[in-house]
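J.: Please see the structure below; I have some questions.
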Amino acid sequence: MNVPLDRPIRVVFFGGRYLQPVEAQFAAMLDEHPEVELVLGVCEGDGFGFSSRLRDLWRRRGWLAPAIVTANALGALARFLLHPRATLSWRRRTARALQKFVAVPDVHAPGALARVRAAAPDLGVIYGSPILKPELFEIPRFGTLGIHHGRVPHYRGKKTTFWEIYHGERVAGVTIQRVERGIDTGAVVRAGEVGIDRKGYGRVWDEVQALGCQLYLQAILDYRHGRANAVPQDSGAPRGPLFRQPTAKDLARYWLQRWTGAASRASRK
């Protein structure tokens, strides 16, 4: 348990090469919250523009990058057409929050470490960043938290929401945990689940992200009010493998499962 603060909690945000929409939205939530002071955002990359995002997608997803960009653009257009005022408001809010962000080639370089120390953060939060080393995530007074879209210790690694659906799980989890030296091994501060049922991946993913932002903010306020309780992961539970990014073959199998399942349900009607 930490000591309650008589002021807003000072937070440093660690992001990736660019901020996904939900990550930018979460940054705006922190920037606007009266009990939180977003003192700095640090992303490892060469900027926040479209070209930087496209290069990163190509590096990570290869030939799937153009399809992802197209799908994201169509989704953004649909959101704007359905909710133009809310979309413009969201863009203004995130633009204000991003004024506190910097992009650096290496988050572990001496200059980046010095910048984080100078911000004197109480707590670090990770959303989409590369794996951080102790010399960085131990700088904040109360340490650093990370969000993991998956139930630990069963689903660790990448794209675990996809793998939870792929393996026919009943629920998809989201975990707010303390960052430690291992991957997804830290003590759990907050956790929650959403039902999968017959929902598609997109809907489950949206619900997991929304719940994750709520839990993340609650965890930060737990530290602000001195009530944070980090519970070690269940050592008796079987630890799952480190899941990887789904391949095109994995995605094809997922959609085949979806299609054959839907066809089977239709035939029973």
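Any read-out appearing in this document is the output of simple, stated calculations on the displayed coordinates, not a laboratory observation. For clarity, every value in this text was computed on a predicted model and none was experimentally measured. All Cβ positions, glycine included, derive from the backbone under ideal geometry; neighbour counts span all protein chains shown.
J.: Averaging over all projection directions, find the projected area of the Cα convex hull of the stretch 1-156 and quote it in nm² with one decimal place.
T.: Result: 11.0 nm².
J.: Now, a different point. Return the lysines within reach of K133: Cα separation strictly under 24 angstrom, same-chain partners fewer than 8 residues apart disregarded; answer none if there are no such residues.
T.: Partners found: K100, K158, K159.
J.: Cut-off 12 Å, label point 7 angstrom out along Cα-to-Cβ of S89: give me the residues of the stretch 6-44 whose amide nitrogen falls inside.
T.: none
J.: For the chain, what is the calculated [θ] at 222 nm in deg cm²/dmol (nearest 500), taking -39500 (n - 2.57) for each run of four or more DSSP H residues and dividing by its residue count?
T.: On the way: 9 runs with 122 residues, N = 269.
Value at 222 nm, helices only, nearest 500: -14500 deg cm²/dmol.
J.: When N counts the residues of the stretch 168-248, how does its alpha-carbon radius of gyration compare numerically with 2.2 N^0.38 Å, as a ratio? It would help to have the intermediate numbers written out before the result.
T.: Values: Rg = 14.3 Å, N = 81, 2.2 N^0.38 = 11.7 Å.
In units of the 2.2 N^0.38 Å rule of thumb, it is 1.23.
J.: Continuing with the same structure: Out of the DSSP beta bridges found with both residues in the chain, what percent are antiparallel (nearest 5)?
T.: Bridges in the chain that DSSP calls antiparallel: roughly 40 percent.
J.: Match the structure shown to one of the listed values (i) 22; (ii) 31; (iii) 51 of percent of Cα pairs over 33 Å apart, computed from it, and give that label.
T.: Matching the structure shown: (i).
J.: A follow-up question, please. For T144, list long-range residues whose amide hydrogen, built 1.01 Å from N in the peptide plane, is under 5 Å from its own amide hydrogen.
T.: Distant-sequence amide H within range of T144: G124, V179.
J.: What would the Debye formula give as log10 I(q)/I(0) at q = 0.11 Å⁻¹ for the alpha-carbon point model of the stretch 74-206, no solvent?
T.: -0.56
J.: Continuing with the same structure: May I ask you to order 169-181, 132-144, 189-201, 65-77 by the average number of other C-beta atoms within 10 Å around their residues, highest value first?
T.: 169-181, 132-144, 189-201, 65-77
J.: Another question, then. So which DSSP H runs in the chain come out at 24 Å plus along the axis (Cα) with average Kyte-Doolittle of at least -0.5?
T.: Membrane-span-like by this rule: 65-82, 201-224.
J.: Sticking with this structure for a sec: Let me have the relative contact order for the chain, percent, based on Cα pairs under 8 Å that are six or more residues apart.
T.: This gives 21 percent for the chain.
J.: Still on this structure, I have one more. Which of the aspartates and glutamates could a cross-linker span from K199 if the Cα-Cα distance has to be under 19 Å and same-chain partners fewer than 8 positions apart are dropped?
T.: Correct list for K199: E164, E169, E207, D250.
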